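Asker: Following this message is one structure expressed as structure tokens.
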């Protein structure tokens, strides 16, 4: 009997010893506080996508030939793979300092990844744009004639396109190969970055950046979302490796510059690098923000006064006001670092991870015949002006020696083609009333991330967030495609820029369909 008790005691002691030894080994592998079930591999990579020659800069109606590089534009990739038997998934999140992610760019990257990293399903790649208005024109066009009606002496958009495709593909591949065991924390902060940019008068008309200092001014059209959704990644030793930052504002604080720039994300990267260390990756995302910008419509004098007090008002060469960009960078960095101490104590080493992509069909915006007639009349007027300017350029080559000679003719051509596009969309709506778009949804624990290819107005973003069953919902606009603005009915009633027929492929009806279909996918992954 004593021998049996001795053997049982020995076996129990041995089991406890082996358990403790295994637990120590798991903690050494997955980090302090791990529950010995760590199942996430995380990889980061980043690259410079700045061209080495003058380019056309996207973001305004007129062409802008770059006259230098203010700061680099970059691509950053985060690869996540779950090895849990019940929720295995893999996804690569990519952020680019570009104005949009056109389908031709997405398809080219996917094709390269399919060849170089066959274990990745190309549909598992999510590429979003920060919507900087000071990034190069990226297209398969051989020159600028298709966009501006005239050839400009710049790097061929197709050459930059090939360069960017190569860099994005290399970065995705590197992030995938850099995967190592790690953990994830999701946090929430706040920063006043985006402001609704539509002023409404008493007649109900909305005006983009409308003057609020007038008797006719009634109110600002829509809501503002100042939440900062945060995803922190950690290595097995609980060291911070990167931060994904999701805010409802495009990066267009200095949107009219003739220099290549990542806008306020450049200052944000510098500020966070100073606080967190230069080896921590930063991945920006723009949430639903089709009606937002970093420029307030009132109180701007007080804002500018504080920027002068708090920050150097101009950049090193005295060319432009940098105060707003530095102010935004500080606010974002404060949001990131204020919750960081709590995140390091709440690392998830084994969350449920699910990923699903669906191609859904949304109703095209129905364009009235009257809108077509109005747009075509305007287009014809712009066409007369364009043909006159083109003749002047062809007959007098000295015009090209005048700085900015191309501004008038390029904006005129864009206005002309904008009107024509209304008729084209009207005709297309007769035969193709639905338009297919990709929606990607990623679940990590009790958080979800949902994408869309629009400049999505905040109203729709709020509808998704309010009804989402997840504890925290990240929305990522301008992802895996570029389908223009998507405004709600109150905006189409106001008929401001962004809600006009020429600005939209999908209208309020399709927007609500997007809300419902996105929520349907979210509900699936949250089951």
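None of the figures in this text is laboratory data; all of them are computed from the coordinates on show. This is a predicted model, so every value here is computed, not measured. Counting neighbours? That spans all protein chains shown, and the Cβs are built from the backbone with ideal geometry, glycine included.
Asker: I'd like the per residue volume of the convex hull spanned by the Cα atoms of the chain, given in cubic angstrom.
Answerer: 170
Asker: Output the 0 to 90 degree angle, nearest 10, between the alpha-carbon long axis of helix 458-467 and the longest principal axis computed from the alpha carbons of the chain.
Answerer: Rounded to the nearest ten degrees, it is 30.
Asker: Give the peptides 39-48, 470-479 in descending order of average Cβ contacts within 10 Å, highest first. Please list the in-between numbers first.
Answerer: Details: 39-48: 19.6, 470-479: 23.5.
Descending mean neighbour count gives 470-479, 39-48.
Asker: Using Cα atoms only, what is the angle between the long axis of helix 407-431 and the major principal axis of the chain, expressed in degrees (0 to 90) to the nearest 10?
Answerer: Helix 407-431 sits roughly 70 degrees off the main axis of the chain.
Asker: Students often check this: by mean Cβ neighbours within 10 Å, which of 164-175, 142-153, 207-218 ranks highest, and how do the rest follow? The partial results should precede the final answer.
Answerer: Working: 164-175: 21.0, 142-153: 16.3, 207-218: 13.7.
For the peptides 164-175, 142-153, 207-218, the packing ranking is 164-175, 142-153, 207-218.
Asker: Whole angstrom only: what separates the Cα centroid of the range 90-161 from the Cα centroid of the range 323-346?
Answerer: About 30 Å separates the Cα centre of the range 90-161 from the one of the range 323-346.
Asker: Exposure proxy check: 306, 526 ranked by fewest other beta carbons within 10 Å?
Answerer: Least crowded to most crowded, the residues run 306, 526.
Asker: Please figure out what share of the DSSP beta bridges in the range 359-475 is antiparallel and state it in percent, rounded to the nearest 5.
Answerer: Of all bridge pairs located within the range 359-475, approximately 70 percent are antiparallel.
Asker: Work out the FRET efficiency for residue 356 and residue 427 from their Cβ-Cβ distance, taking R0 = 35 Å, and round it to the nearest 0.05.
Answerer: After rounding to 0.05, the efficiency reads 0.50.
Asker: Sticking with this structure for a sec: Please report the relative contact order for the chain, taking Cα pairs under 8 Å with a sequence separation of at least 6, and give it as a percent rounded to a whole number.
Answerer: After rounding, I find 17 percent.
Asker: In nm, what is the difference between 0.36 nm times the number of residues separating residue 114 and residue 381 and their Cα-Cα distance?
Answerer: Working: separation 267, 0.36 × 267 = 96.12 nm, distance 4.74 nm.
Between residue 114 and residue 381, full extension yields 91.4 nm more.
Asker: Follow-up. With labels modelled as points extended 7 Å from the Cα through the Cβ direction, what inter-label distance (nm, one decimal) is found for residue 107 paired with residue 256?
Answerer: Taking the simple label geometry, residue 107 and residue 256 are separated by 3.7 nm.
Asker: Stokes-Einstein at 10 °C, 1.306 mPa s, Kirkwood radius from Cα pairs: D for the range 369-427 in µm² s⁻¹?
Answerer: For the chosen part, D equals 129 µm²/s.
Asker: Restricting the count to DSSP beta bridges whose residues both fall in the range 231-378, what percent are antiparallel, rounded to a multiple of 5?
Answerer: Once the DSSP bridges in the range 231-378 are tallied, antiparallel ones form about 45 percent.
Asker: Next question. How do 245-251, 503-509 rank on mean C-beta neighbours within 10 Å, highest first? Kindly include the intermediate steps, with their values, before the conclusion.
Answerer: On the way: 245-251: 25.7, 503-509: 21.6.
Ranked by mean Cβ neighbours within 10 Å, highest first: 245-251, 503-509.
Asker: Turning to a different aspect of this structure: Take the alpha carbon atoms of the range 424-458, find their center, do the same for the range 463-527, and report the distance between the two centers in whole angstrom.
Answerer: Spelled out, the Cα-based centre of one part sits 7 Å from the other.
Asker: Another question, if that's okay. Once the piece of chain linking residue 237 and residue 305 is laid out straight, how much longer is it, given 0.36 nm per residue of separation minus the C-alpha distance between them? Present the calculation step by step, with values, prior to reporting the outcome.
Answerer: Values: separation 68, 0.36 × 68 = 24.48 nm, distance 4.45 nm.
My answer for the length gained is 20.0 nm.
Asker: Which FRET efficiency value, to the nearest 0.05, do you get for residue 523 and residue 374 by plugging their Cβ-Cβ distance into 1/(1 + (r/R0)^6) with R0 = 60 Å?
Answerer: It comes out at approximately 0.90.
Asker: From the helices alone, meaning DSSP H stretches of at least four residues, give me the mean residue ellipticity at 222 nm for the chain, per-run term -39500 (n - 2.57), in deg cm²/dmol to the nearest 500.
Answerer: Result for the chain: -12500 deg cm²/dmol, rounded to the nearest 500.
Asker: Which stretch or stretches of the range 233-251 have amide N atoms under 20 Å from the point lying 7 Å from residue 279's Cα along the Cα→Cβ direction?
Answerer: Inside the label zone: 233-244.
Asker: Using alpha carbons only, how many degrees (0 to 90, rounded to 10) separate the axis of helix 369-395 from the longest principal axis of the chain?
Answerer: 70
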